[in-house]
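The values are calculated or read from the model by the stated rules, or taken from the named source; none is laboratory data. This is a predicted model, so every value here is computed, not measured. In this analysis, Cβ positions are derived from the backbone assuming ideal geometry, glycine residues included, and neighbour counts consider all displayed protein chains. Heavy atoms of the whole protein, side chains included, go into the accessibility calculation; ligands, DNA and RNA do not. Shrake-Rupley method; radii C 1.70, N 1.55, O 1.52, S 1.80 Å.
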Amino acid sequence: MGSFTTHRRRAHDRTRSPVQRFGALRTCLAEFAPYGFHATYHHLCRSAGIPAEPGMDAEAVGRAVEELHAAREIWLAEFRVWQVRRREQKAAGARVPDSPEPRRALWYPDPEFHPGEPLATVMPLILRAPVGDLVECPVCGAGPRTKAWHDGFAEHRLCAGCGASLARRPTEPAPVVGAARAERWRLVWRRRV
């Protein structure tokens, strides 16, 4: 698999078929997905207006990959600063970083419930999110309002404002719920919803 940059270039390459360009976007998503793969995929399909048949809007994939690239650039800038600081700490003998690596994602388990703002607007908020279970949403600041969401294997406490997973608790497998979530994901994947 090539790098994010290589597949970003392929997503813009008009000599490739619309399906190949769309495949390049999905590979970029495998490399960097600020909401998790499913929710970021859904967000980009909606924000860029990618139709069920990618050939119907030749520019949609380009819009989506550029939105993803803008968010990734924000994360990379923060990561580079952290790398310099970490190298200095290692040179001074510190083997455990005094600050964690900048967060590159905040998980949104429900692929259809995520912020509607551009990824570049939300990325700085994700970077500042603390690690671990959260009491308050770092993205929308909705306070303690939450809603339960079950994926068939775990129950998530989602922010009622934007859908970020604030906490997760494993549960007994629920095959019916898991199958329903999988079927819904197939519709999202095909851009039918």
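Restricting attention to region 77-97, does a residue exist that is over 20 Å from the mean Cα position of the chain (by Cα), part of a loop (DSSP other than H, G, I, E, B), of a type in the set (Lys, Arg) and over 27 Å from Arg9 (Cα atoms)? Scanning region 77-97 turns up at least one residue that is over 20 Å from the mean Cα position of the chain (by Cα), part of a loop (DSSP other than H, G, I, E, B), of a type in the set (Lys, Arg) and over 27 Å from Arg9 (Cα atoms). Tell me, which residue of region 94-138 that is open to solvent by 20 Å² or more (accessible area, probe 1.4 Å) and among the β-branched types (Val, Ile, Thr) is nearest to Arg80 (Cα to Cα)? Ranking the candidates gives Val96 first. Only one residue in Arg26, Arg8 is open to solvent by 70 Å² or more (accessible area, probe 1.4 Å) and under 28 Å from Arg186 (Cβ atoms). Which one? After ruling out the rest, the residue left standing is Arg26. For region 139-157, taking the residues that are touching a residue at least 40 places away in the same chain (Cβ under 8 Å) and in contact with a Leu (Cβ under 9 Å, 6 or more places away or on another chain), the one that is surrounded by the fewest Cβ atoms within 10 Å (Cβ to Cβ) is identified as Trp149.
In region 89-113, the residues that are modelled with pLDDT of 90 or more reach residues that are assigned to a loop (DSSP other than H, G, I, E, B) and aliphatic (A, V, I, L, M) with C-beta atoms within less than 7 angstrom, at least six apart or across chains, in these pairs: Ala105/Ala33; Leu106/Ala129; Leu106/Val139; Leu106/Ala164; Tyr108/Ala164.
Taking region 18-61 as the range and being over 10 Å from the mean Cα position of the chain (by Cα), of a type in the set (Ser, Thr, Tyr) and part of a loop (DSSP other than H, G, I, E, B) as the test, no residue passes. Filtering region 158-193 to residues that are closer than 16 Å to Arg46 by Cα, open to solvent by less than 60 Å² (accessible area, probe 1.4 Å), outside any loop (DSSP other than H, G, I, E, B) and touching a residue at least 12 places away in the same chain (Cβ under 8 Å) leaves Trp185, Val188. So which residues in region 30-47 are within 13 Å of His69 (Cα to Cα) and either without any contact (Cβ under 8 Å) to a residue 24 or more places away in the chain or buried (at least 20 other Cβ atoms within 10 Å of the Cβ) (or both), if there are any at all? Selection gives Ala33, Pro34, Thr40, Leu44.
Among residues of region 48-88 being open to solvent by less than 50 Å² (accessible area, probe 1.4 Å) and among the acidic types (Asp, Glu), the one that is modelled with the lowest pLDDT is Asp57. Of the conditions (1) basic (Lys, Arg); (2) touching a residue at least 24 places away in the same chain (Cβ under 8 Å); (3) not in a loop (DSSP other than H, G, I, E, B), Arg14 clears all except one; give me its number. It is condition (3) that Arg14 fails.
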